[in-house]
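The values are calculated or read from the model by the stated rules, or taken from the named source; none is laboratory data. Owing to the predicted nature of the structure, the values given are computational and were not obtained by experimental measurement. Note that we place each Cβ from the backbone using ideal geometry, even for glycine, and neighbour counts take in every protein chain shown. All accessible areas refer to the heavy atoms of the entire protein, side chains included, with ligands and DNA or RNA removed. Shrake-Rupley method; radii C 1.70, N 1.55, O 1.52, S 1.80 Å.
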Amino acid sequence: MKKYSHILTALIIAIAGLAFVAPHKPALHTIGDSTVRNSNKETWGWGTPIAELFDTTKIHVENNAMAGRSTRTYLSEGRWDKVLETLKPGDFVTMQFGHNDGSAPDTTKAGRRGVLKGTGEETKVLTWPDGKVETVHTYGWYIRKFVRETKAKGATPIVVSMIPRNIFKNGKVLRANNDFGKWAAEVAKEEQACFIDLNQITADKYDALGPDKVKSYFPGDHTHTNLEGAKVNAQSVVEGIKMLKDCDLKKYLKD
């Protein structure tokens, strides 16, 4: 009996210990280009300051974006595979690309990042000087791949349209609603994924602020913001998150 009492005691201690095991802490992964993650010196991406807007005692925020990448190169360089390996059920992935996807796809320095336009299944086969063969797809194809593989991991994909550049025409910031912003929205709808129209949200803010104030956010060119501009864009992402239906990510925002 004494032997069994020791076993029973051990079982009780083990069960009690399980009750105090910390629950899984979800992660928010951001993937994208320099407008999401930059040098954090003169220019910043919104993926860095957005961590301050979440309760990081409840969610881990990890900026996996990389400057200079398109959907195509983010995949071909193996960066997406590294993110995918870490994804767990309950995690979230925001995906914002477009600034580097616009060139005609080829094997030159200018075209190495380019993708085919649209959301279809068209492809272009390229042969690199070293003999490597690469099949290039449409922008929508790459976003669709990110979305589907995120879902397959039990995580939540959130497609985000690219932030607008500091280019005003007739008093209004140029939108991306005829190309990358439009295609991002189409894929999100087709795949029943969450969508944040960051391009529209931010452009509306820029219009209200006016060209002079907006110019102060862009220290070197019309694409890359300083920290103040990155914080404005991060807040716009949060506004978009709050508008999402049936997305648990909003539960982890600070009050």
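Between the listed residues Leu126, Gly181, Val160, the Cα displaced farthest toward the positive end of the dipole of the chain, a dipole computed from Cβ unit charges relative to the Cα centre, is found at Val160.
Please work out the average accessible area per residue across the chain, using the 1.4 Å probe convention, and give it in Å².
Working: 13190 Å² over 255 residues.
Normalised by residue count, the accessible surface of the chain is 52 Å².
Between the beta carbons of Glu42 and His222, assuming R0 = 25 Å, the FRET efficiency works out to 0.95 to the nearest 0.05.
Per-residue 3J(HN,Hα) values for segment 203-220, derived from phi via the Karplus relation 6.51 cos²θ - 1.76 cosθ + 1.60 with θ = phi - 60°, read 4, 4, 5, 4, 4, 5, 6, x, x, 5, 5, 4, 4, 5, 7, 10, x, x Hz in sequence order (x marks Gly and Pro). Accessible area per residue was computed with a 1.4 Å probe on protein heavy atoms; Asp204 scores about 70 Å².
Count Lys and Arg as plus one, Asp and Glu as minus one, and take only other residues whose Cβ is under 10 Å from that of Asn64; the net charge is then +2. Magnitude of the charge dipole for segment 27-247, about its Cα centre and with charges confined to Cβ atoms of Lys, Arg (+1) and Asp, Glu (-1), is about 160 debye.
Can you give the relative contact order of the chain as a percent, counting alpha carbon pairs under 8 Å and 6+ residues apart?
Working: 460 pairs, mean separation 50.1, N = 255.
With pairs under 8 Å counted, the relative contact order is 20 percent.
For the chain, what does -39500 (n - 2.57) per DSSP helix run (n ≥ 4), summed and divided by total residues, give at 222 nm, in deg cm²/dmol to the nearest 500?
-11000 deg cm²/dmol
Within the chain, what percent of beta bridges assigned by DSSP are antiparallel, to the nearest 5? Can you show the working numbers first?
Values: 8 of 25 bridges.
In the chain, DSSP labels about 30 percent of beta bridges as antiparallel.
Three principal axis extents of segment 124-230 based on alpha-carbon atoms, in descending order, are 47, 38, 26 Å. All Cα-Cα separations within the chain were binned at 10 Å from zero, giving a P(r) of 7, 28, 32, 17, 7, 4, 3, 1, 0, each value a whole percent of the pairs.
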